[in-house]
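Working notes for the structure below.
The values are calculated or read from the model by the stated rules, or taken from the named source; none is laboratory data. Just so we're clear, the structure is a prediction, and the values are computed from it rather than from any experiment. Glycine gets a Cβ as well: all are built from the backbone with ideal geometry, and neighbour counts include every protein chain shown. What goes into the accessible areas is simple: the full protein's heavy atoms, side chains included, and nothing from ligands, DNA or RNA. Shrake-Rupley method; radii C 1.70, N 1.55, O 1.52, S 1.80 Å.
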Amino acid sequence: MAMEQEIIGGSENESLDLLPSALLATIFTKLDVSSICSCATTCKTFNSCISHILSFLPTFHLLDVAPSLDLLRPLMPPNPCVRSLKVDCNRLDDSAIQTLVRPSLQELSLINCADFSGKLLSEIGTMCKDLRSLFLGSVAEKRGRAIHISDLEELLGGCPQLEGLVLMFDVSLFLRHNFARVWALASEKLVSLEIGYISSVMMTELLSPNQSPNNIQPSILPNIQKLCLSVDYITDTMVATISKGLISLSHLDLRDAPIIEPSLTIDLTNNGLQQINQRGKLKYLSLIRSQEFIPTYFRRVNDLGLLLMADKCADMESICLGGFCRVTDTGFKTIFHACSKLYKLKVSHGTQLTDLIFHDISATSLSLLHVSLRWCSLLTNQAVASLASNKNLKILDLRCCRNLGDEALRAIRNLTKLKSLLLDGSDISDMGLSFLRPSVIQSLVSLSVRGCKKLTDKFISALFEGCPITELRELDLSNLPHLSDNGILLLAKSRIPIVELRLRQCPLIGDTSVMALASMQVDDQRWHGNSLRLLDVYNCGGITQLSFRWLKRPYFPRLRWLGVTGIVNRDMVDALARNRPFLHVACRGEELGFEQWDSSDGLNMHDYDEEDELEQWLLEGEVEGGIDDEEMVDAELME
C-alpha cells in the first residue's frame, strides 16, 4: 500500500515533457498529421518537438481541411524523408507547386486542383523520378486554367517508376493526333490507370496506334491490370480493343453518360459483350450507363449477350451492370450459375428484373457479401426473403425499389453481419424498422431511409431507444415529410456516435433540431461532445437565423461539411464561412461528402480523433483575434 502511494505521489510531479526529445520524436512520427497538430497545442515542449519532426516526417496526409499556402508552408518545411503526401488543394494554385512537389515522394495524392494549370503535371514529371502512385483531381477545371499535351508528356516521360495513375479530370482536351504517342512514354511498370473522362474514340486510338482494318496491334500500356474509365459512349469497338490489347487486365470499370441516344455504331451490343474477358483473367467487371443527362439504356443487349459473356466469367468475383433494360431474370441468372466465386453483385436500372432472379439462389454455392439492386422497381419482399439466405451479407443497397415493405425488413433481421443498409424510397413503416432490433441495428455502420414517406418520429424510438448502438456512423433521414424536431430530440438522447447525418428537405425540421444536435453528448469513453463531421439540413422548413448561432464555434467542433439553404440566409452563410474557414458550406443543394470512384468492395470507415484541434492549430498563424462573433451578429441584424 505504501509503495502504491509512493508511485502515485511521485507521478504527480512528473510530466510527459520530461521524456527524452528523441523518444518523443519517435512517438510523434507514428501519428498522422491531424494527431500531430492536436499534440502540438498541448504544451511548448510538444510544439517544439513537432516543429522539428516535420522536417523528417515520412508521411504527410492532410485531407480533412483545405489549407491555404500560408498555413501549409510551416507544416511542410524542407523534408528529404517524405515519401507519401496527400493534400486537399481547394485553396491552392500553381504558387504551391514548389511546396508540394518533392523529389523524395513515392506516393502523391492531390485533390481539388481546379486552380492549378498543367504546370503541376510537368513539374511532377521533372521532380518526382521515384514516384510510384499518383492521384490528381480536378486539375485546371477553373476558368482560365489550361493543360497542354506537353505537360502530360513531361509527366509520363519523367516518372519511370509509376505503377498507379489516377487522372480524375477531362483528358479529352488533349490533342488527339499526339495523344497515343505521348502515352507510349508511360512507365512499363504501370499496372493501374483511372481517368475521370475520355472519349471512347481517343481511348480506342490510344490502345491501337498501329491499327489496320484486319489487325489491332496495341503497343502501349502492356502491363495494365486495372482500368477505370468514364467515357462518352461504351462501344463494341472500345471494349474489343481493351479486351484484346490489355492482356493482363483483371479489373475493368467502364461508365458512360450519353447526352443523346447512341446509334448502332457508338453503342454496346451482344457482340461487344462477347469480346469481354477473352483471356479469362478478369476478376472485377463494371459496365454502367448513367442516367445523368437523359434516360438511356443499353438497348442493344439482351439475355443472349450475358449468356455469351458468362461463358468466359467462371473466375469473376465482382460484377456491376447498370442500364441493361432488355436483360431479364434469365440473363442475370446465367451470372449466378457461371460465376461460383461471385461475392459482389450490383445491378442498377434493371427494369425487367423480378423476384425470380433469386428464386433458387439458396441452391447455388454463392456466398454474396455485397448486393446492390438500385432502381429495380419490379422487385418485391419475396426477392429480399430469398436473398437473405446469404447470411454473410455485409452491404445491401435496395434504393428506389419502391415495392419493398415491412416484410422485407422481417427477412433482413436475420442478416446479423450487415454493415450498410440503404432503403431509400421504399414502402417501409415505423413498425417495420423495429424488426432491425436488436441484432442488425447493432452491427450497422450506415443506414439510409431517405424518401420513405410513411416514417414518422416513432421510428426513432422504435429503432434506437434502449438499444446500445456503438457502430452506426452514417444516417440519412432526408425527405421524410413526417419527421419533426421531436424525432431529432430522441436521436440526440440516444447518444449514438453519428459522424454523418443528412436531414435535407424535411419540412418539419427546424432550429430545435440544430440546437439538440449541437448539445448532443455521446459515449464519454469514446467521444467527448458532438461527433458530427457532416450535417445536411438543406431546405429544412424550420431553419432560421437562430440555427446559425449554434453552427459557429465552439459548437460542432468536428464539423467539416454543412448543407444549408443559402438563398434565404445568404448573409448568415457568408458570415459562417468566414467564421469557420475550414468548414465546407454548401448552399445550392449539392450532395455533401467525398464522391470517390466506387472500386472498393466494402465501406471506407475512418477513425476520428477524440479532439479536433487541427483547425485550431492551423489558425494560430492568422491575424490575432481573427473573425469574432460580431460579424455573425451583424449578419443577423441584416436579416
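Quick notes on this structure:
- Surface per residue (accessible, 1.4 Å probe) for segment 59-190, Å²: 42
- Taking label points 7 Å from Cα along the Cα-to-Cβ direction, LYS86 and ASN271 give a separation of 4.4 nm.
- Segment 332-405 - convex hull of alpha carbons, volume per residue in Å³: 77
- √(5λ) per eigenvalue of the Cα gyration tensor, segment 59-190, largest first, Å: 23, 18, 11
- Stokes-Einstein diffusion of segment 328-469 at 20 °C, 1.002 mPa s viscosity, Kirkwood radius from Cα pairs, rounded to a whole number: 141 µm²/s.
- Placing one equal scatterer on every Cα of segment 143-252 and applying the Debye formula, the log10 ratio I(q)/I(0) at q = 0.24 Å⁻¹ is -1.70.
- Cα convex hull of segment 194-308 - mean projected area over all directions, nm²: 6.9
- The Rg/Rh ratio of the chain, with both radii computed over alpha carbons and Rh defined as the Kirkwood radius, is 0.99.
- Nonlocal amide H pairs with SER199, under 5 Å, H built at 1.01 Å: SER172
- Counting only heavy atoms of the protein chains and using a 1.4 Å probe, TYR297 has close to 40 Å² of accessible surface.
- Net length gained if the chain between ASP315 and SER389 were fully extended (0.36 nm per residue, minus Cα distance): 24.4 nm
- Virtual spin-label span in nm between LEU546 and LYS341, 7 Å along Cα→Cβ: 6.0
- Apportionment of accessible area to carbon and sulfur, the chain, percent (1.4 Å): 51
- Full-stretch length increase - LYS30, THR59 - with 0.36 nm per residue and alpha-carbon distance subtracted: 9.5 nm
- Cut-off under 5 Å, modelled amide H: who pairs with GLU194 long-range: LEU165, VAL166, LEU167, CYS228
- Distances between placed amide hydrogens fall under 5 Å for VAL139 paired with CYS113, all partners being 5 or more residues away or on another chain.
- Per residue, in Å², the accessible surface of segment 201-324 once ligands and nucleic acids are set aside, probe 1.4 Å: 39
- For segment 384-497: accessible area per residue (Å², 1.4 Å): 36
- Added length on full extension, which subtracts the Cα-Cα distance from 0.36 nm per residue, LEU18 to ILE260: 80.2 nm
- For the chain, calculated [θ]222 nm from helices alone, where every DSSP H run of n ≥ 4 adds -39500 (n - 2.57): -8000 deg cm²/dmol
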